[in-house]
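Since every read-out is calculated from the coordinates, none of them should be taken as a lab result. Note that the structure is a prediction, hence the values are computed from the model and not measured. Neighbour counts run over all protein chains shown; Cβ positions are idealised from the backbone, glycine included.
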């Protein structure tokens, strides 16, 4: 029998962004973007939500909104490294055994999608759960900025093993292609192992951090969801987020 999971949600956040500087503090109807992400994570009701911040200004913004945040080393190279530090600071005794990593630039993410990542961990052999959505736009199939997940869902199933991730159009021939959504649910032990691993050959070649896990024999399962959440990296995407989150 699988023991009940005790998850915590961590949101890595830093101000340094090349395309949209200071984007976590970007104003969306009077509220910083990072606070909108924190609210969506709270609405998922998966467990406590902690923002792992690279700068004090982010800590202050989250705490002013009533959230919990921790200041981490500003020199971390990846969000995984940042949340690993934050986890040890917040929960040194290991009370929480599952970590959901929600990117800090997803202010409109559906809370149900955050919860969905946990479905992958119902299989004890899975180290990491993630999300995918079927690609509907033909242009996305060949767009290298749209990361594809190679996964085959048996009829009637919404969870299956992720075999590979690529910027290329894979697999070949006719059939569905899946857009990878960069949200992860790690078993705590898997996260702790992952951040100690050296970057792999394929990770470096594709510039995809998740390949480090596959190259080292870790199992990732993908959960099929209906839509890809809006990631905010540009001024146009920020404008779209403001439109979607406009008070009604």
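The packing ranking, built from the mean of other Cβ atoms within 10 Å per residue, places the peptides 75-87, 147-159, 235-247 in the order 75-87, 147-159, 235-247, highest first.
Spherically averaged projected area of the convex hull of Cα atoms, the range 131-184: 3.8 nm². Distance distribution note for the range 44-107: the fraction of Cα pairs above 13 angstrom is 64%.
The mean of 1/r over all distinct Cα pairs in the range 113-246, once inverted, gives the Kirkwood hydrodynamic radius of 15.7 Å.
Per residue, what volume in Å³ does the Cα convex hull of the chain take up?
Expressed per residue, the convex hull around the Cα atoms of the chain is 138 Å³.
Give the shape of the range 51-185 as rounded, prolate or oblate, defined through the alpha-carbon gyration tensor: a ≥ b ≥ c are the square roots of its eigenvalues, a/c under 1.5 means rounded, and otherwise the shape is prolate if a/b is larger than b/c and oblate if not. The shape class here is prolate.
Residue ranges 11-17, 192-198 sort as 11-17, 192-198 when ordered by packing (mean number of other C-beta atoms within 10 Å per residue, highest first).
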